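Participant: The structure is given below, and queries will be raised subsequently.
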Amino acid sequence: MASVVFFRAVNVGGYQKFQPAKLAKELSDLDLLNVGAAGTFIVRKPISQSALRSEILNRMSFQPELMICPASEVTALVAEDPFRALPKDARPFVSVMLKTPRKLPPLPLDQPVGSKWQVRVIGVRARFALSLWRRQERAVSYPNAVVEKQFAVSATTRNWNTIQTVAKLLTEH
């Protein structure tokens, strides 16, 4: 079964820099496909999550957090189309959490609270937190920070377009 790997906190502001295309080349025997510069990979060859994690970490000069999930979970999320009705001023994001949170706060959850919210978490599907982000004059909240704080779990966040691209590449193969 194919897998999707999401790196957390890499290639941001010069922190934990690496070259995703180079890693994809080094792991070509796993039929690894790089999707963008944020550390998102499709692994087409069947391999256990623990073996995949080991293969990746053995090639890194630092130890990033990796969120690895079966490709079927990503394609199922996209098929559900959870962002079909969006406010015009909001961008959709998906945070992939390290594990399913034990306890969920009441949803939707706005940060900051009130009509001037910047992040609105609208739902959770297993390890995926679904959120909307609105650009404001002074940004004080971002989806990943809100998800990690409210759910008390490590996460990495991608734009919905990236998640859709991953699903498209998975179904084309």
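Participant: Would you mind finding the one in ALA85, ALA79, ALA129 that is assigned to a loop (DSSP other than H, G, I, E, B) and either of a type in the set (Gly, Ala, Ser) or at positive phi (or both)?
Facilitator: Going through ALA85, ALA79, ALA129 in turn, just one is assigned to a loop (DSSP other than H, G, I, E, B) and either of a type in the set (Gly, Ala, Ser) or at positive phi (or both): ALA85.
Participant: Here is a list of conditions, (1) modelled with pLDDT of 95 or more; (2) over 25 Å from ALA79 (Cα atoms), and ARG158 meets all of them except one; can you say which number that is?
Facilitator: Every condition holds for ARG158 apart from (2).
Participant: Out of all the residues in segment 53-77, which are in contact with a strand residue (DSSP E or B) (Cβ under 7 Å, 6 or more places away or on another chain) and within 19 Å of PHE128 (Cβ to Cβ)? Outline the logic, then answer.
Facilitator: As a first pass, look at segment 53-77 and keep what is in contact with a strand residue (DSSP E or B) (Cβ under 7 Å, 6 or more places away or on another chain): 53, 56, 64-71, 74, 77.
Correct list: GLU65, LEU66, MET67, ILE68, CYS69, PRO70, ALA71, VAL74, LEU77.
Participant: Run PHE7 past the list (1) out of contact with any Pro (no Cβ under 8 Å at 6 or more places or on another chain); (2) surrounded by 14 or more Cβ atoms within 10 Å (Cβ to Cβ) and report the number of the one that doesn't hold.
Facilitator: Unmet condition: (1).
Participant: State the number of residues belonging to segment 146-165 that are over 16 Å from PHE7 (Cβ atoms) and among the basic types (Lys, Arg).
Facilitator: Residues that pass the stated criteria total 1.
The values are calculated or read from the model by the stated rules, or taken from the named source; none is laboratory data. Every value quoted in this text rests on a predicted model; they were computed, and no experiment measured them. Cβ: placed from backbone, ideal geometry, glycine included. Neighbour counts: every protein chain shown.
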